[in-house]
Amino acid sequence: MHRLKLITGVAFFYFTCMILTAHAADVAKIGIVDLQRVLETSTSGKAANSELKAKYKDMTANLKKQETDLKSMKEKLEREALVMSREQREEKDRELRIKANDLKVTKARFQREMKTMQKRILVRLQKDIMKLVEDMGKKEGFLLIMEKREAGIMYAPNTIDVTDKIIRQYDQQTAGQQ
């Protein structure tokens, strides 16, 4: 009788371990996504990057023009200062300070606009990508999909990296929108 209980207990333990192991193998499907790589290599990410670069180029050209105007105004004031009356010199000095302040304000506005634009584009792209990751996770039975850099992952085998799959799906999804 004691031996029968022992055999039954061992068999029960064995079958429980097999079921838990099989179940754990199904549940423990984990993946990682390198969001930065998606943003750099996807069609929409490249388009967003080009948009940012174009805006940066326009704003930089505007700033350079203002800086050049300010520099030439300063040089002109230095050359003509000796032949100007005190009132004229003070007036030109005041104009120079106003232009310098305008340039400073324009630079600050430019930086704010660029940050706002980057943030808006990044949020839009991340929202689209997160939806794709969520759909893929549900369809393919992932327990967990983490962002490679945010999660602090220092090493992960390529077998769990789903970034290329996300890039392909994202490019397919956005192909009709562009």
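So Ser85 clears everything in (1) at pLDDT below 90; (2) surrounded by 10 or more Cβ atoms within 10 Å (Cβ to Cβ); (3) more than 23 Å from the chain's Cα centre (by Cα); (4) hydroxyl-bearing (Ser, Thr, Tyr) except one condition, right? Which one?
(2)
Would you mind stating whether Arg94 is assigned to a helix (DSSP H, G or I) and either farther than 24 Å from Ser50 by Cβ or touching a Lys or Arg at 6+ places or on another chain (Cβ under 9 Å) (or both)?
Answer is yes for this residue.
Can you name the residue in the stretch 134-178 that is in contact with a Leu (Cβ under 9 Å, 6 or more places away or on another chain) and polar (S, T, N, Q) and, of all such residues, is farthest from Arg37 (Cα to Cα)?
Residue satisfying both the conditions and the ranking: Gln173.
The values are calculated or read from the model by the stated rules, or taken from the named source; none is laboratory data. Since we're looking at a predicted model, the values are computed, not measured. Every residue, glycine as well, gets a Cβ built from its backbone with ideal geometry; the counts of neighbours run over all protein chains shown.
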